[in-house]
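Input: a single structure, listed below in structure tokens.
Values in this text are rule-based calculations from the coordinates and carry no lab data. What you see is a predicted model, and the numbers here were worked out from it, not measured in a lab. Don't worry about glycine lacking a Cβ; one is built from the backbone with ideal geometry, like all the others, and counts go over all protein chains shown.
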Amino acid sequence: MAAAIALKKSPFLKVNSSELAQQLTGLQKAKEKLPLWFNTPKIYYPPKLNLEQTSSEVTAKYKASLVSGDKLIDLTGGFGIDSFYFAKKFKKVVHCELNPELSKIAAHNLKQLGCENIDFTIGDSIEYLKHTDKRFDCIYIDPARRDFTGARIFQLEDYLPNVPDNLALLTSKSDLILIKTSPLLDLQAGIKALKHVSEIHIIAVKNEVKELLWLLDKSEKDQVKIKTLNFKKNETERFNGSLNLNLQADVQYALPQNYLFEPNAAIMKSGLFDDLASKTKTSKLHPNSHLYTSYEIKNFPGRRFKIKEIQNYKASVLKKMFKGSKANITTRNFPDTVAQLRKKLRIKDGGDTYLFFTTNAKEEKIVINCEKL
């Protein structure tokens, strides 16, 4: 719809067709991601890329729940979603933005939302920090993860601004620093580069990891806390642990029992697989399969299944059994991909059957036929 409008003449004298298309695209994206903005009159939306890069309301609210105080500076203010929610927890927020137009848009919108305790500054936020004599209770930074060509950047040292290179400056202006990074960033690499990590929050929405939050403070920490959240439609799955405790966890291994459990995406990113088994009192199928089982149903942060049948993997037998039928296929620690299995066994996607192709504790390739709970 927006694309079609962009090609037509605008019906408004002071609004050209491309600007009108931009506003319609913004409305469409805001409906689910930013419902407060969507339902507020006189909101002006920035270009599509800026909207894609901004936090959702659900993740912005969570970030704001982690910190509070008198003064916070948002070094990468952007569209202002995070700044808006931080302003509910701090007496004063400074919104820094390099792009003058985006800063202007954020200021306009936050005024429509009745937010009056945010100061807006345009320019390089690192230079601002270098020349201000102010200290802050918290510094928040969401570095740009695209280069000047628009290509994605994956290394923390390549983000803009470069956080590792500016750590000394950041820690001289605040004892508490909150950083948002790509969900693809390796946890160990981040801990090594950021040095003062006390907590890592792994945020998933509808079982898709959206962002990593790194909380830094200068006090010595004997372990890094890991907090995982998966925001679902009607509930939030939470699981907390630490990298040190995960290594010390008491893990049991077993063949599939009555129930099968698959961790959510945030836990898969965390690597807290042994700690998860210990705390949920489940057994792992294999050290590398990351599937769990028990005789009794458990309160487990992820998908839960009732096991109907377990078979050794024999393609010729399975082909005769499932040929032409529908099933949802998952592979864990298995040599073939889902696409290869569908082609080999001629299984269509969908239906109420869930097939897990995996390796058990005896190093046998097996298929677990389940129904979802």
**Item:** Rounded to whole Hz, the Karplus (6.51, -1.76, 1.60) HN-Hα couplings of the range 278-286, x for glycine and proline
**Value:** 5, 6, 8, 6, 10, 10, 8, 6, 6
**Item:** Built amide H within the under 5 Å cut-off of N207, gap 5+
**Value:** F231
**Complete:** Residues meeting the amide H criterion for Q257 (H placed from the backbone, H to H distance under 5 Å, 5 or more places apart or on another chain) are S294
**Message:** Considering only C-alpha atoms, what is the centroid distance from the range 330-362 to the range 239-310, in Å?
**Reply:** 19 Å
**Prompt:** Quick one: Karplus J couplings for the range 23-40, per residue in order, coefficients 6.51, -1.76, 1.60, θ = phi - 60°, nearest Hz, x for Gly and Pro?
**Reply:** 5, 5, 4, x, 4, 4, 6, 6, 3, 9, 6, 9, x, 5, 5, 4, 8, 9
**Request:** Select from the range 108-215 those GluC sites (Glu not before Pro) which occupy a DSSP coil region and have at most 14 other Cβ atoms within 10 Å, ordered by residue number.
**Result:** E116
**Prompt:** Got a sec? How would V205, V94 order by Cβ neighbour count within 10 Å, fewest to most?
**Reply:** V205, V94
**Fill in**
Sorted on mean Cβ neighbours within 10 Å (highest first), peptides 102-112, 75-85 come out as 75-85, 102-112
**Prompt:** Ordered by residue, what ³J(HN,Hα) values in Hz, to whole numbers, does the range 340-349 give under the Karplus form 6.51 cos²θ - 1.76 cosθ + 1.60, where θ = phi - 60° and Gly and Pro are x?
**Reply:** 5, 5, 4, 5, 5, 9, 6, 9, 7, 7
**Complete:** Distance in Å, no decimals, from the C-alpha centre of the range 160-179 to the one of the range 214-235 is 18 Å
**Message:** Only counting other Cβ atoms within 10 Å, I'd like M321, M268 sorted with the fewest neighbours first.
**Reply:** M321, M268
**Complete:** If L345, L255 are placed from fewest to most neighbouring beta carbons inside 10 Å, the sequence is L255, L345
**Rounded, prolate or oblate (a/c below 1.5 giving rounded, otherwise prolate when a/b exceeds b/c) for the range 50-221 by Cα gyration tensor** = rounded
**Prompt:** By the scheme Lys and Arg +1, Asp and Glu -1, what is the net charge of all other residues having a beta-carbon under 15 Å from that of D274?
**Reply:** +1
